[in-house]
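Each remark here refers to the structure printed beneath this line.
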Amino acid sequence: MFASYVVDTDVMVAAFRSSLGASRRLLLAALERQFELLLSVPLILEYEAVLTRPLHLAARGLTRAEVCRVLDDLAAIAQPVHLGSRWRLRLTDPDDDMVLETALSGNASAIVTFSQRDFATTAGNFHYRVILPATAVQQIGRSNP
């Protein structure tokens, strides 16, 4: 079974800021199409807004153009998710609503995030999974020998 994931912004930040770790491996796996990355317009715009903040650019010595190039590559390979109707969500962090909306509208296998508690409050109501980047990488490895 081919996994489809929505990746939270915190995982994208970790992937850009460090060349080590599961977040970076997940980003590379997305670009190599080892799983289906689900993206909505609000989510890709959130990635851009956060990843191009001066503190994140300075952490790796990246330029805005370099970050945008990677985001363009992600958008090119991702499965677009159109957010038809707005869900009435009540997550602790309102910025997480777009992540959950993308996951629900795109019928994602899971949301990949470090913010496990933020999504746990509604997981039972909407029947979705919330996993860490390391878990996603392990699952991809099992399905792509």
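In order along segment 66-72, the Karplus-derived 3J(HN,Hα) couplings, from 6.51 cos²θ - 1.76 cosθ + 1.60 at θ = phi - 60°, round to 5, 5, 5, 5, 5, 5, 4 Hz, and Gly and Pro are given as x. Protection proxy ranking of 16-27, 71-82, by the mean of other Cβ atoms within 10 Å over each peptide's residues and highest first, is 16-27, 71-82. Annotation: amide H of V130 within the under-5 Å range of I111, sequence separation 5 or more or interchain, hydrogens built in the peptide plane. In this rough spin-label picture, where each label sits 7 Å from Cα along the Cβ direction, the V41-L83 distance is 1.1 nm.
Between the beta carbons of T63 and D95, assuming R0 = 25 Å, the FRET efficiency works out to 0.50 to the nearest 0.05.
A short reminder: the numbers here are calculations on the coordinates, not readings from a lab. For clarity, every value in this text was computed on a predicted model and none was experimentally measured. When we count neighbours, we look across all protein chains shown, and the Cβ atoms used for this are built from the backbone with ideal geometry, even at glycine.
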